[in-house]
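Readers should treat all values here as calculations from the given coordinates under stated rules, not as data from a laboratory. This structure is a prediction, so every number in the text was calculated from the model and none was measured. Heads up, the Cβs are rebuilt from the backbone with ideal geometry, glycines too, and the neighbour counts pull from every protein chain shown.
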Amino acid sequence: MVGAPQAAGGPERRLLELGISLPPPPTPFGAYVEAIQCGSLLFLSGMLPVIGHEPKYTGRVGTELTLSEGYDAARVACLSGLAAAKSHLGTLEAIGRIAKLGVYISTAEHFQEHPKVADGASELLRDIFGAEKIPPRVVLGVASLPLGMPVEIELIFEVAR
């Protein structure tokens with residue numbers, strides 16, 4: 001991500017400049033909460049590629065879905081995560097740093113392009129928060145994910161205020 005553009009202004013302003021609207025905050029599919037703050041860290045539940053509690057994508061990347069669709073699924077799941085964070089914090093301006101990004105991808109057995117799928121989330125975060133705040137990440141291929149979705153995103157934020 002060397003040479004990535006710096007985000008001008010805060011994340012709320014960058015969303016406007018990029019023409020990105022956050023989806024409604026996600027609601028749980030089971031007995032859990034979407035976000036909890038422990039001290040200065042905000043932990044999110046696994047975020048799925050849903051809009052308004054409806055899946056945008058289902059299936060495995062490399063079989064039912066293309067690499068491009070997997071990339072977009074990661075992006076949509078990340079947008080849901082940002083919507084959950086904003087709902088909990090009131091504003092994305094409260095985020096001081098993205099502490100961790102985990103991307104879990106349901107893939108075909110021989111699929112090897114996991115990093116390219118995960119870039120759907122990483123590049124979105126870079127574009128909104130700036131290259132200096134891009135997080136470390138873990139990317140894993142898995143046999144299945146909840147509700148047959150192709151991607152699940154894990155986010156941990158450091159709250160600045």
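The GluC sites (Glu not before Pro) of the stretch 58-161 that meet both conditions, a loop assignment by DSSP and at most 15 other Cβ atoms within 10 Å of the site Cβ, are 64, 109.
Simple rule: put +1 on each Lys or Arg Cβ and -1 on each Asp or Glu Cβ in the stretch 35-159, find the dipole, and look at 102, 52, 65; the Cα lying farthest toward the positive end is 102. Taking amide H atoms as placed 1.01 Å from N in the peptide plane, the amide H of residue 98 lies under 5 Å from those of 158, each 5 or more residues away in sequence or on another chain. Here is how the number arises for the chain: DSSP H runs of 4 or more residues each give -39500 (n - 2.57), the sum is divided by the residue count, and the result at 222 nm is -9500 deg cm²/dmol. The charge dipole of the stretch 35-159, taken about the Cα centre with unit charges on the Cβ atoms of Lys, Arg (+1) and Asp, Glu (-1), comes to about 240 debye, rounded to the nearest 20. For 157, 29, 43, the sequence from fewest to most other C-beta atoms within 10 Å is 29, 43, 157. With the charge dipole of the chain set up from +1 on Lys and Arg Cβ and -1 on Asp and Glu Cβ about the Cα centre, the Cα lying farthest toward the positive end among the listed residues 128, 143, 41 is that of 41.
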